[in-house]
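The values are calculated or read from the model by the stated rules, or taken from the named source; none is laboratory data. This structure is a prediction, so every number in the text was calculated from the model and none was measured. Glycine also receives a Cβ, built like all others from the backbone with ideal geometry; neighbour counts cover every protein chain displayed.
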Amino acid sequence: MTTKHLEKINSLLLPVCFAGVLLVMYMALGWAPLETTEGHVQRIFYVHVPVSWSAFVAFFVVFVSSILFLIKRSEKWDWLAVSAAELGLLMTTLSLISGIIWGRPTWGVWWVWDPRLTSTLLMWMIYVAYLMVRAYSSEAGRGSRMAAVIGIIGFADVPVVYYSVVWWQNIHPQPLIRPGNLELTGSMALVLLTSTIVFTIFLFYLISRRFLLEKATSELAVMKRTLREEEQDARIAKIKIDRAENK
Amino acid sequence: MRRFVLAAAFASILVMLPGYAFASASLQVEQHPTNLRYIFAAFMAIWAGYFLYALFMGWRELKLRRYVEELQTLLKDRAKKS
């Protein structure tokens with residue numbers, strides 16, 4: 001897929017995302033019925049669950065593209081990995097924040113060291129480390145390779161986060177979406193499904209924009225380096241000619 | 001990118017205001033603890049996160065543009081010298 005194709009898809013996706021976001025806001029806040037146990041605060045789930053799902057999807061993209069980068073050594077996989085890691089980190093941050101806000105009226109506290117919350121925080125730290133390794137590595141290629149290793153090993157925490165509520169049953173609610181089973185029914189399920197689709201589309205839109213930005217930055221850096229090297233070569237050649245003429 | 005950031009800002013306002021109105025209207029009807037400020041805070045935090053990320057991308061694009069300008073100056077200098 002060329003840059004032009006990706007830009008064309010992006011320009012089509014943007015209005016879809018905004019329309020979808022408006023639809024989700026209307027459905028979550030105005031259309032979805034009241035949940036009898038938790039009350040209105042349950043409406044936070046219509047954004048909290050899709051954001052958490054988006055984080056999982058983004059980290060899966062990091063995992064696959066990191067493997068492909070280490071096998072093929074093609075820069076495009078590295079660009080995709082860093083773009084998805086950044087978005088995954090953003091989604092995890094938003095998931096943690098919205099979860100904390102939901103926890104206060106429901107549990108009476110902002111934070112508990114529940115397995116789900118703790119493993120999510122650990123996942124957040126892993127991907128912060130991923131981005132820090134890239135940012136602080138003295139050699140760009142080495143940083144990318146080390147980050148790819150973190151991206152592959154770090155993905156092991158994603159299933160732990162997902163199954164933490166099943167393995168160590170604690171205060172956090174059980175997963176609403178399970179393979180082949182949706183815990184919600186009727187209009188609540190429809191709102192959650194719509195919201196998940198919209199957030200996933202939005203995620204891919206942002207990943208592709210970030211990918212294009214990373215690609216342009218990387219290509220320009222190579223061009224600048226080549227030009228500087230050529231300039232340096234020209235200077236050395238000139239000095240050599242001057243010396244030869246003086247002799 | 002500037003268009004993207006502006007669109008994101010516009011959409012955030014567009015989304016938050018009717019969202020708040022929908023919530024206020026539907027929540028006032030039913031006599032249930034509303035916790036509206038928590039709902040508002042959670043939705044606001046999520047859209048603010050998206051908006052800040054859009055701003056960050058805009059800033060990176062600005063840096064890229066400066067990079068291109070630098071390269072153009074470098075190329076012009078080379079052309080003059082040769």
query = Wholly within region A:69-158, which helices (runs of 4 or more DSSP H) include no fewer than the required count, namely at least 3 residues that are within 30 Å of B:I39 (Cα to Cα)?
reply = A:75-107, A:115-136
request  = Select from region A:2-46 the residues that are among the hydroxyl-bearing types (S, T, Y) and not in a helix (DSSP H, G or I) and write down the one among them that is farthest from A:I101 (Cα to Cα).
outcome  = A:T2
query = Assuming A:G180 fulfils every condition listed in (1) modelled with pLDDT under 85; (2) over 30 Å from A:H48 (Cα atoms); (3) more than 10 Å from every other protein chain (Cβ to nearest Cβ) apart from one, which condition is it?
reply = (2)
query = If we scan region B:12-26, do we find a residue that is more than 9 Å from chain A (Cβ to nearest Cβ), part of a helix (DSSP H, G or I) and either crowded, with 18+ Cβ neighbours inside 10 Å or at pLDDT 85 or above (or both)?
reply = no
query = For region A:118-141, what are the residues that are surrounded by 15 or more Cβ atoms within 10 Å (Cβ to Cβ) and polar (S, T, N, Q)?
reply = A:T118, A:S119, A:T120, A:S137
request  = Might you let me know whether region A:21-31 holds any residue that is surrounded by fewer than 22 Cβ atoms within 10 Å (Cβ to Cβ) and touching a Gly at 6+ places or on another chain (Cβ under 7 Å)?
outcome  = no
key: Residues that are in contact (Cβ under 8 Å) with a residue 40 or more places away in the chain and within 13 Å of the chain's Cα centre (by Cα), drawn from region B:49-70   = B:Y50, B:F51, B:A54, B:L55, B:M57, B:G58
note = Condition set at pLDDT 85 or above and among the basic types (K, R), scope region B:32-64, selection nearest to A:V222 (Cα to Cα): answer is B:K63
request  = Look at A:S208 and say whether it is at pLDDT 90 or above, crowded, with 18+ Cβ neighbours inside 10 Å, of a type in the set (G, A, S) and under 22 Å from the mean Cα position of the chain (by Cα).
outcome  = yes
key: Boolean, A:P115 is more than 14 Å from chain B (Cβ to nearest Cβ) and either surrounded by fewer than 19 Cβ atoms within 10 Å (Cβ to Cβ) or in contact with a helix residue (DSSP H, G or I) (Cβ under 8 Å, 6 or more places away or on another chain) (or both)   = yes
task = Give the residues of region A:61-112 that are within 14 Å of chain B (Cβ to nearest Cβ) and among the hydroxyl-bearing types (S, T, Y), sorted by residue number.
result = A:S83, A:T92, A:T93, A:S95, A:S98, A:T106
